[in-house]
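In what follows, a single structure is set out as structure tokens and then discussed.
The values are calculated or read from the model by the stated rules, or taken from the named source; none is laboratory data. Computed from a predicted model, the values in this text were never measured in an experiment. Every residue, glycine among them, receives a Cβ derived from its backbone with ideal geometry; neighbour counts consider all protein chains shown.
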Amino acid sequence: MNNTEKIDRFLRNDLPEEEKKAFEAELNQNADLAGELALQKDMEQFLRKQEKRTALKNQLSNIGPEFFQAATKPEPGRIVPLQRRQTLRWVIGLAAAIALLLVARFVFSPSLYDQFGQHPPLAMIERSTTAQVNLAAMEKAFNQKDYAAALPLFQAYLREKPGDLEAELYLGICLLETGQYANARAVFTKISQTQSSFMDYGQWYLALSYLKEGDKAACRRVLLEVPQESEFFQKAQDLLKRV
Amino acid sequence: MSDENYLHALCAGDTQRIRSIYQQYAGQIQRWVEDNNGSAADAQDLFQDGLIAIYDRYCGSDFQLSSSFGALLFGICKRKWFDRLKEKNRETVVRKVEEERYNDDHDPSIDSEAAFQELQKQETLVKTFALLSAQCQQMLTLLGRGVAAEQIALQLSIANANAVYQSKHRCMSRWKELFSSSSKS
């Protein structure tokens, strides 16, 4: 067993008691090994935080320009009146256009559900399966938003592979998109109660199901329960402000 | 808004409240940078790096904020700017060191230095992680998300959970090599 493996298993608490003790004793003696342990801990921490860190950087790059502006240089000389009047006409035209755009954005703005209900694309094709289910057709139907067509395909797949949480999640999304709210919620609730990487999705989609149905109070209630560790915490906070 | 609130806003990625951090400190830092041969764009970069450094050191870690948020942020920005000037080999002397602006009995430069070092380390991790194979990156990212090894095996067509860990060890060893040679240079 090389150091990397030993350290990894130590960090995952996967070493048998005796080896663990020997490893701890070695750590006290061997500064290089302790250094490697520290580095691997840093790497694990990096892996846990990297996606959030990248998101934060993007967020900051968007906010930054609002607050840092190059000092505006004073205008050189006076402007010829005619040119100024033309400029003024331009400015008025532009202002009118912007106002119109703002109104249009308000009138035609997509619903909150459309803004927040962005589904992760489905990639099932690499799964092993029998010939009974056409994974390619399932993927295609879902990714083309043909939820009515995708729904029976997911149901068939799950008959064959019950307990596949990812497929269940997508089944729930199909139910939600076809307006079968109660059934969709049963699926999302179940997923949110598992201890799996999909639990955050279950909870988030539960909130979305209320949003889509127009039950804002219930939507808020679910959003308030989204814990800070959830992948969807930030989105939940954003949505809470707007519901 | 209190210092803890600033920190919390940053850790949570709360856009509205992060804006108030900019509101509060951007002007001061821009003036300082412009007084020291930098532009508004430099100031914006520094400010962003400063916030990321604070994120790296304080979010999800046990370290407590012991100096004021503003003093810490300003300290990191200055440290980074000195570094940039040195890199560019400019003969510029940074004129003003305005720590007196903050009457704080805790010396913020120690915390600033620590956060700056943490930022450097994280940037090296980012750089070297990007040099790993796509398979390594994908697998380590999934592990970092907390996805179970069984699930990863399925998703990446790896035989089983055990093989996922074997491959994790190879990836981590390679990453450690890359990191060490990169921080030596």
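Matching residues to (1) at pLDDT below 95; (2) out of contact with any Lys or Arg (no Cβ under 9 Å at 6 or more places or on another chain); (3) assigned to a loop (DSSP other than H, G, I, E, B):
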| residue | (1), (2), (3) |
| --- | --- |
| B:Q135 | yes, yes, no |
| B:L143 | no, no, no |
| B:A159 | yes, yes, yes |
| B:Y165 | no, no, no |
| B:K168 | no, yes, no |
| B:M172 | no, yes, no |
| B:L178 | no, no, no |
| B:S181 | yes, yes, no |
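Hey, could you check the stretch A:223-237 for residues that are of a type in the set (A, V, I, L, M, F, W, C) and assigned to a loop (DSSP other than H, G, I, E, B) and say which is modelled with the highest pLDDT? Per the criteria, the residue is A:V226.
Taking first residues from the stretch A:1-21 that are under 16 Å from A:K41 (Cα atoms) and partners that are outside any helix (DSSP H, G or I), the Cβ contacts under 9 Å between residues at least 6 apart in sequence or on separate chains come to A:K6/A:L15; A:D8/A:D14; A:R9/A:M1; A:R9/A:L15. Can you spot a residue in the stretch B:43-55 that is surrounded by fewer than 17 Cβ atoms within 10 Å (Cβ to Cβ) and within 16 Å of B:E118 (Cα to Cα)? No, the stretch B:43-55 contains no residue that is surrounded by fewer than 17 Cβ atoms within 10 Å (Cβ to Cβ) and within 16 Å of B:E118 (Cα to Cα).
When B:S182, B:S157 are screened for being facing another protein chain (nearest Cβ under 7 Å) and polar (S, T, N, Q), only B:S157 passes.
For the stretch B:1-19, the tally of residues that are more than 9 Å from chain A (Cβ to nearest Cβ), charged (D, E, K, R) and either within 17 Å of the chain's Cα centre (by Cα) or under 16 Å from A:N62 (Cα atoms) (or both) stands at 1.
Within the stretch A:181-202, the set of residues being surrounded by fewer than 19 Cβ atoms within 10 Å (Cβ to Cβ), of a type in the set (V, I, T) and part of a helix (DSSP H, G or I) comprises A:T189 only.
Listed by first and then second residue, the pairs with beta-carbon distance under 7 Å, at least 6 apart or on different chains, first residue in the stretch A:216-243 and within 11 Å of chain B (Cβ to nearest Cβ), second crowded, with 19+ Cβ neighbours inside 10 Å and at pLDDT below 85, are A:K235/A:F116.
Each residue in the stretch B:20-39 was checked for being out of contact with any helix residue (DSSP H, G or I) (no Cβ under 6 Å at 6 or more places or on another chain) and either within 9 Å of chain A (Cβ to nearest Cβ) or over 27 Å from A:K52 (Cα atoms) (or both), and 11 pass.
Scan the stretch A:22-41 for residues that are surrounded by fewer than 16 Cβ atoms within 10 Å (Cβ to Cβ), without any contact (Cβ under 8 Å) to a residue 12 or more places away in the chain and either within 14 Å of chain B (Cβ to nearest Cβ) or assigned to a helix (DSSP H, G or I) (or both) and the total you get is 12. The set of residues from the stretch A:173-196 being within 17 Å of the chain's Cα centre (by Cα) and touching a residue at least 24 places away in the same chain (Cβ under 8 Å) comprises A:I173, A:I191, A:S196.
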